[in-house]
Amino acid sequence: MPSKKHSFLNFQLDHMTMHVDPKMYNVCYVIFRVLFGVEKDDVIYEKRKEWVKGTGEKSMTFAVRVGQGAIGDAKFQNTIFAIVQPSEPESVPSHSRELLKKHSSTVHWQHVALRTNDLLAFHKYALERGVNFITPIMQDEDEDVIQVFSGEWYLPGTLPSGVFFEFVQRNPTPELLKKLEEHNRQSWFKDKTFLGLYQEKEMENQSGNVRSFLDQELFKQIQSRLASKNLWEITEDDVVNVEKMMVEFAKRKNLVGT
Ligand SMILES: [Fe+2]
């Protein structure tokens, strides 16, 4: 294990999610099947929706397992790709379609999901350092996973990038689920999480209010502290001070009661 302050910061790569042009969607699927050796059993999920009644279901997303851990509880150490297409008809707004259009691209890496052994501890740690999350911790019962999604990474004053992080814990124990439920009675909910996230991003896109990973004010504070330095001139003191800045910012923000 690398040198880390806490074991919940020893992240493993869980999955990566890519949005693709609908014309690429089926081709992507077959490429995974043929080239990455994805068998039918490795297709972990596929979600469909009938956007307009009577027009038939469309596939929104699929996820494929391309690798599995070799040690310990291998069942929960998969390496997964999730692919999303804008499945909405033209008459229905789609943040996924806009994401591709804004980037003038037919492919966009949307999020990377990191697996931790203690999501609750990491979530608290990140909140205490001013990180914004767009959802509470959610449980996907289909997949036996708890997960939370961060705000997007982008430079203040520019357009949101569409790129964010997800943090997951696999195989939560019944005790942990109970603890989470008590810990966060109001915001805890069970959902088909993909749909929960998809809806949340759609709402953000339509409102034009996209949450950033750190508040712009905090980002600018950090930016101005480091502005005069080359990367190799950033000292351990700088790192410690930036962390203090983040903790103080988060404390102030919580006092204001946001
Ligand atoms: Fe994800």
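Here are some notes:
- Lys, Arg +1 and Asp, Glu -1 on Cβ, resulting dipole of the stretch 216-256 about Cα centre, debye, nearest 20: 280
- Think of each Lys and Arg Cβ as +1 and each Asp and Glu Cβ as -1; about the Cα centre, that makes the dipole of the stretch 7-207 roughly 280 debye.
- The residue among Met138, Phe36, Thr173 whose Cα reaches farthest toward the positive pole of the charge dipole of the chain, with charges on the beta-carbon of Lys, Arg, Asp and Glu, is Met138.
- Annotation: for a label point projected 7 angstrom from Cα along Cα→Cβ of Glu236, residues of the stretch 1-42 with backbone N closer than 15 Å are 3-5.
- Degrees between helix 236-256 axis and first principal axis of the chain (Cα, 0 to 90, nearest 10): 80
- Cα gyration tensor, the stretch 7-207 - rounded (a/c under 1.5), prolate or oblate: oblate
- Net charge over other residues, Cβ less than 12 angstrom from the Cβ of Arg211 (K, R count +1; D, E count -1): -3
- Sites matching GluC sites (Glu not before Pro) across the stretch 41-103 that sit in DSSP coil, with at most 14 neighbouring C-beta atoms within 10 Å: Glu50, Glu57, Glu90
- Charge tally around Ala227: other residues with Cβ under 14 Å, Lys/Arg +1 each, Asp/Glu -1 each, net +1.
- Neighbour-limited loop hits for GluC sites (Glu not before Pro), the stretch 116-188 (at most 12 other Cβ within 10 Å; DSSP other than H, G, I, E, B): Glu141
- Projecting the Cα atoms of Val107, Asn26, Met246 onto the dipole axis of the chain, where Lys and Arg carry +1 and Asp and Glu carry -1 at the beta carbon, places Met246 farthest toward the positive end.
- With at most 10 neighbouring Cβ atoms within 10 Å, loop trypsin sites (Lys or Arg not before Pro) (DSSP) excluded, longest segment of the chain: 54-184
- Helix axis angle, 22-35 relative to the chain longest principal axis, alpha carbon, degrees: 90
- Prolate/oblate/rounded label for the stretch 216-256 (Cα gyration tensor, a/c 1.5): oblate
- Entry note, the chain: relative contact order of 18 percent, from Cα contacts under 8 Å with a spacing of 6+ residues.
All of the numbers you see were taken from the coordinates with simple rules; none came from a lab. Owing to the predicted nature of the structure, the values given are computational and were not obtained by experimental measurement. With ideal geometry, Cβ positions are generated from the backbone for all residues, glycine too; neighbour counts draw on all protein chains shown.
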